[in-house]
Amino acid sequence: MGCLVWAQEGYGKEVLSLFLDGLTREQKSSIEVVTADAAKWIEELLWRRCPNARWVMDPFHVVEWINDVLERVRRDEWQAARQADRQARAAEPRAQHVPGSSGSVRAASRRMPFALRGAAMRSRRTPKDLSARQRERLLELKRAEGHLARAWTLKEDLEGHLPRKGCA
């Protein structure tokens, strides 16, 4: 694992160019890996100035992007569950409706929204950081086999493969 070798206030092509301008041709050629976000200009600049460097996504941005996707999936599932609840209420005859009854269509459609409550916070934690109640809610999501449960599982799998160590 490498270590931070240079830092400069600011960001952008000009800042990266400042760093590269301070290196000799041999030093630029010896750079093997550069970790950064997905800005296309980084790849183009490195390709021109550091011919042997591989450009890889940094773990911070990868986790940030997957958490953003997870939040979008959670919102979509929440909206779909609310819509299903509204449709169930509209379709259920009033005479048969018993609020809170476990046999009602409405009660069945409410299970998913209940499991989705607080899922945004849970989705940004690792399983070991969840309380017993949060773990139970996550299991509810997984039993429902929705997109959020699948997205959360993929997030955890990806995070398990990201480097976590600092400089050696």
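The values are calculated or read from the model by the stated rules, or taken from the named source; none is laboratory data. Computed from a predicted structure; not experimentally measured. Quick reminder, even Gly has a Cβ in these numbers, built from the backbone with ideal geometry, and neighbours come from all protein chains shown.
Structural remarks
- Filter result for the condition that a residue is part of a helix (DSSP H, G or I), acidic (Asp, Glu) and under 26 Å from the mean Cα position of the chain (by Cα), over 43, 14, 26: 43
- Meets criteria (among the hydrophobic types (A, V, I, L, M, F, W, C), in contact with a strand residue (DSSP E or B) (Cβ under 8 Å, 6 or more places away or on another chain) and farther than 30 Å from residue 146 by Cβ) for residue 55: yes
- Of all residues making up the range 58-113, the number that are modelled with pLDDT under 55, under 30 Å from residue 158 (Cβ atoms) and in contact with a Lys or Arg (Cβ under 7 Å, 6 or more places away or on another chain): 1
- Residue under evaluation residue 21, criteria (1) free of Cβ contacts under 8 Å to residues at least 12 places away in the same chain; (2) in contact with a Lys or Arg (Cβ under 7 Å, 6 or more places away or on another chain), criterion not met: (2)
- All positions within the range 114-135 that are part of a helix (DSSP H, G or I), at pLDDT 70 or above and either loosely packed, with under 12 Cβ neighbours inside 10 Å or in contact with a Leu (Cβ under 9 Å, 6 or more places away or on another chain) (or both): 128, 129, 132, 133
- The range 48-65 residues that are more than 13 Å from residue 25 (Cβ to Cβ), paired with ones that are polar (S, T, N, Q) and surrounded by 13 or more Cβ atoms within 10 Å (Cβ to Cβ) (beta carbon under 7 Å, 6 or more apart): 56/35; 58/35
- Within the range 1-57, if we keep just the residues that are acidic (Asp, Glu) and within 18 Å of residue 163 (Cβ to Cβ), the residue that is surrounded by the most Cβ atoms within 10 Å (Cβ to Cβ) turns out to be 37.
- Flag if residue 163 is touching a Pro at 6+ places or on another chain (Cβ under 7 Å) and modelled with pLDDT under 75: yes
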